[in-house]
Structure formats: C-alpha cells, structure tokens
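**Student:** The structure is given below, and queries will be raised subsequently.
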Amino acid sequence: MAKKNIAGDPIIEEIKKQLLTDKVMLGTERTLEGLKKGSVAKVYVSSNCPEETKKDIMYYADLSNAEVVLLKIPNDELGTVCKKPFSVSVLSVQK
C-alpha cells in the first residue's frame, strides 16, 4: 500500500506546531479523561480509530465544547507525524 503525501496538509502542519508545546496529550484514555474534566480544546482522531472510541470522544467533546477533527490518515501515520515508534489513534490539545 502506497503512503500518501501528507507533508503539505495544513492540519498535519498544525499538529506538528502543537507538538512543540507541552499541551498535547496522546492516547484515548488521557483524552477522554481530559474531556471529562473540560481541559481539552481540540481532539484529533485518526481515520481507523474504532467506532466505539469515536462515539465516546464525540459525546464528551460535545459536553465540554471541544472541537473534534477527523483526520484522513490512519493511526500508524499519525504516530509517525508525532515522531513516536507506535501508532496513535487519538491526540488532544489542552486549553
């Protein structure tokens, strides 16, 4: 399977800028915890994130008025963008 060229994507560039701050949380559990506390401003969800996880994130994001961005890249590529040696399905930015 050929990798897509994601270098010029403005959303990916925005994620890279956010990663330079200390406000980024990786992972579903930490993101859901932050959403429940109301400390999350934005959530990025990979294209192959499980549906049940997406539903939970959408529900809690709606309650806490957080923006949800559904990405067009799978979790392995999102992990690469985050410079991690593992896949990342969900990442969030704190307020």
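**Student:** Could you list, in sequence order, all residues of the stretch 60-83 that are over 18 Å from ILE11 (Cα atoms) and touching a helix residue (DSSP H, G or I) at 6+ places or on another chain (Cβ under 9 Å)?
**Tutor:** TYR60, ALA61, LEU63, SER64
**Student:** Separate question: Need pairs with beta-carbon distance below 7 Å; first residue free of Cβ contacts under 8 Å to residues at least 24 places away in the same chain and within the stretch 72-95, second of a type in the set (Val, Ile, Thr) and surrounded by 16 or more Cβ atoms within 10 Å (Cβ to Cβ); sequence gap 6+ or separate chains.
**Tutor:** GLY79/VAL88
**Student:** For the stretch 44-58, does any single residue satisfy the condition of being on the phi > 0 side of the Ramachandran plot, out of contact with any Phe, Trp or Tyr (no Cβ under 6 Å at 6 or more places or on another chain) and either surrounded by fewer than 16 Cβ atoms within 10 Å (Cβ to Cβ) or touching a residue at least 40 places away in the same chain (Cβ under 8 Å) (or both)?
**Tutor:** no
**Student:** Applying the selection to the stretch 18-36, what residues are charged (D, E, K, R) and touching a helix residue (DSSP H, G or I) at 6+ places or on another chain (Cβ under 8 Å)?
**Tutor:** The one that is charged (D, E, K, R) and touching a helix residue (DSSP H, G or I) at 6+ places or on another chain (Cβ under 8 Å): LYS36.
**Student:** Could you run through the stretch 10-67 and say how many residues are among the aromatic types (Phe, Trp, Tyr) and under 20 Å from GLY79 (Cβ atoms)?
**Tutor:** Count: 1.
Readers should treat all values here as calculations from the given coordinates under stated rules, not as data from a laboratory. Predicted, not measured: the structure shown is a model, and the values here were computed from it. Ideal geometry is used to build each Cβ from the backbone, glycine not excepted, and the neighbour counts take in all protein chains shown.
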